[in-house]
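Q: The structure follows.
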Amino acid sequence: MSDASRKSRQLSLCMVMETIVHCGPISRASIAKQTGLSKQTISEIARLLEEDGWIRETGRTSGHVGRTAVTYEIIPNAACIAAVDLGGTKVRAAIADLSCNVLAELVEPTDKRGGRHVVDQIARMCRAVAQHNAIDFQKVRLAVVGVPGVPHPKTGHVLMAPNIPGIETFDVADAVKQELELEVIVENDVNLAVLGEHWVGTGAGFDDLAYIALGTGIGAGIIVNGELVRGTANAAGELGFLPFGADPFEPASRRIGALERVTATTGMQSRYRALAGKELDVPGIFDAAAEGDDNALTVIDETARYVARAIAAISVITGPGRVVLGGSIGSRVEMADRVRDLVPQCTPRPVDIVTSALGSAAAIAGGAAVGLGHLHAILFSGGVPGAEIALPPPDVVKFAGAGQ
């Protein structure tokens, strides 16, 4: 087979597979109508995909003039990916199948010892969530791990992740790979979250999008013209290091970030302690505010002003069509409503601000998007440029973790 013929064949295979992923169960005639390929080509490709265990017949459907047609669907668990969201307080793991269905999550507190103890935890949870869904782990081909920091593109160390001790001292992707014995992609967790929102969340349909996560820390994932903005050394979107809030020249601001010091969990708790002379955790601060505690209200109001300033900075640089607020603090209605009221006071144009529909599962959805796109390329593109399978639209995807 000539190189041109091989490329044409690979493109045709991806077109057929994409149509089955998006529309199955589907007949060969319907595939031909959607792809423009001949029925003979589709029959040959369907036979090969069926023999290799990627698709199966689902029965017959009534056709025109009383005829019936064989219908095909993908075998969802013929290959899978693991998606992991490593946070400062919790680790989430899920399995996604070839149909882009994200199956039930497993959630645990993050191992406080950090470092390689967290790697062991990730590997154990990936195997456990596969077992929970009755999936042979041999069918898991790839893992995508979201981390609360910046993965260095050369060393694999995760930088700017003060909540996970020791993770900056070794190649995290390689360590997880050794434990799981499969390919591993490590990505910033907020980058994954914006990809998840863009795929199946409140950011779907917006190719200029920003996702701001405010919780244990603060960070942003940014999409411009449909592409994730990474920046030099993957450091784009480290919102906590914006030079306002705390003094950006103080040593602590170089380690944590001036904005993060005053907006995230520790900053809110410290501010409340300074005002009230007593300790409250962040949920307690919101509860106290609801009961009319002036000190708690001041903390929430000040935090909202800082977040509004951060959105204003993003808005004038990238011009997002929508900003999604997420994280345990950012997605709270008390915070989101204040931010919506404040942003118009410090920006020259309107900004559409919504809260995340995916909640704490946004990074898992993004990990599934990255992993499945990569897996489809490995399995079906054959290395041919342009031979790729697009992920299905939100109304096709079954996502068990949404909003959890």
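The values are calculated or read from the model by the stated rules, or taken from the named source; none is laboratory data. Since the model is a prediction, treat every value here as computed from it, not as a measurement. Counting neighbours? That spans all protein chains shown, and the Cβs are built from the backbone with ideal geometry, glycine included.
Q: Would you check if residue 41 is β-branched (Val, Ile, Thr) and outside any helix (DSSP H, G or I)?
A: No, not satisfied.
Q: Right, something else. State yes or no: is residue 373 small (Gly, Ala, Ser) and in the same structural domain as residue 186 (by TED's automatic domain parsing)?
A: Yes; evaluated as a whole, the condition is true for this residue.
Q: Having 3 or more residues that are crowded, with 20+ Cβ neighbours inside 10 Å, touching a residue at least 60 places away in the same chain (Cβ under 8 Å) and touching a strand residue (DSSP E or B) at 6+ places or on another chain (Cβ under 8 Å) is the bar; report the helices (runs of 4 or more DSSP H) wholly within the range 230-323 that clear it.
A: The qualifying helices (runs of 4 or more DSSP H) are 294-318.
Q: Checking residue 118 against (1) among the β-branched types (Val, Ile, Thr); (2) part of a strand (DSSP E or B); (3) more than 27 Å from residue 378 (Cα to Cα), which test does it fail?
A: (2)
Q: Still on this model: Just give me the residues in the range 324-364 being within 22 Å of residue 85 (Cβ to Cβ) and not in a helix (DSSP H, G or I), in sequence order.
A: 324, 325, 326, 331, 332, 354, 355, 356, 357, 358
Q: Right, something else. Please enumerate the residues belonging to the range 112-131 that are free of Cβ contacts under 8 Å to residues at least 60 places away in the same chain, closer than 16 Å to residue 148 by Cβ, out of contact with any Leu (no Cβ under 8 Å at 6 or more places or on another chain) and surrounded by 17 or more Cβ atoms within 10 Å (Cβ to Cβ).
A: Those that are free of Cβ contacts under 8 Å to residues at least 60 places away in the same chain, closer than 16 Å to residue 148 by Cβ, out of contact with any Leu (no Cβ under 8 Å at 6 or more places or on another chain) and surrounded by 17 or more Cβ atoms within 10 Å (Cβ to Cβ): 114, 115, 121.
Q: Can you tell me which residues in the range 170-189 are out of contact with any Pro (no Cβ under 8 Å at 6 or more places or on another chain) and not in a strand (DSSP E or B)?
A: 170, 171, 174, 175, 176, 177, 178, 179, 180, 181, 182
Q: Is there a residue in the range 22-33 that is in contact with a Pro (Cβ under 6 Å, 6 or more places away or on another chain), buried (at least 17 other Cβ atoms within 10 Å of the Cβ) and part of a helix (DSSP H, G or I)?
A: yes
Q: Next up: Identify, by number, the condition in (1) surrounded by fewer than 24 Cβ atoms within 10 Å (Cβ to Cβ); (2) touching a residue at least 24 places away in the same chain (Cβ under 8 Å); (3) over 15 Å from the mean Cα position of the chain (by Cα); (4) farther than 26 Å from residue 79 by Cα that residue 179 doesn't meet.
A: (4)
Q: Filter the range 75-91 for residues that are crowded, with 24+ Cβ neighbours inside 10 Å and part of a strand (DSSP E or B) and give the result.
A: Listed by number, the residues that qualify are 80, 81, 82, 83, 84, 85, 86.
Q: Taking the criterion of being in contact with a Phe, Trp or Tyr (Cβ under 6 Å, 6 or more places away or on another chain) and crowded, with 21+ Cβ neighbours inside 10 Å, would at least one residue in the range 47-68 satisfy it?
A: Scanning the range 47-68 turns up at least one residue that is in contact with a Phe, Trp or Tyr (Cβ under 6 Å, 6 or more places away or on another chain) and crowded, with 21+ Cβ neighbours inside 10 Å.
Q: Looking at (1) aromatic (Phe, Trp, Tyr); (2) assigned to a loop (DSSP other than H, G, I, E, B); (3) within 14 Å of the chain's Cα centre (by Cα), which one does residue 206 not meet, given that it meets all the others?
A: (3)
Q: Tell me whether the range 52-68 contains one or more residues that are among the charged types (D, E, K, R), more than 22 Å from residue 370 (Cβ to Cβ), assigned to a helix (DSSP H, G or I) and not assigned by TED's automatic domain parsing to the domain that holds residue 121.
A: For the range 52-68, residues among the charged types (D, E, K, R), more than 22 Å from residue 370 (Cβ to Cβ), assigned to a helix (DSSP H, G or I) and not assigned by TED's automatic domain parsing to the domain that holds residue 121: absent.
Q: Would you be able to say whether some residue in the range 298-317 is of a type in the set (S, T, N, Q) and within 19 Å of residue 212 (Cα to Cα)?
A: Yes, because at least one residue in the range 298-317 is of a type in the set (S, T, N, Q) and within 19 Å of residue 212 (Cα to Cα).
Q: State which residue pairs qualify: first residue on the phi < 0 side of the Ramachandran plot and inside the range 337-351, second residue assigned to a loop (DSSP other than H, G, I, E, B) in any location, beta carbons under 6 Å apart, and separation of 6 or more residues or different chains.
A: Within 6 Å, the pairs are 343/351.
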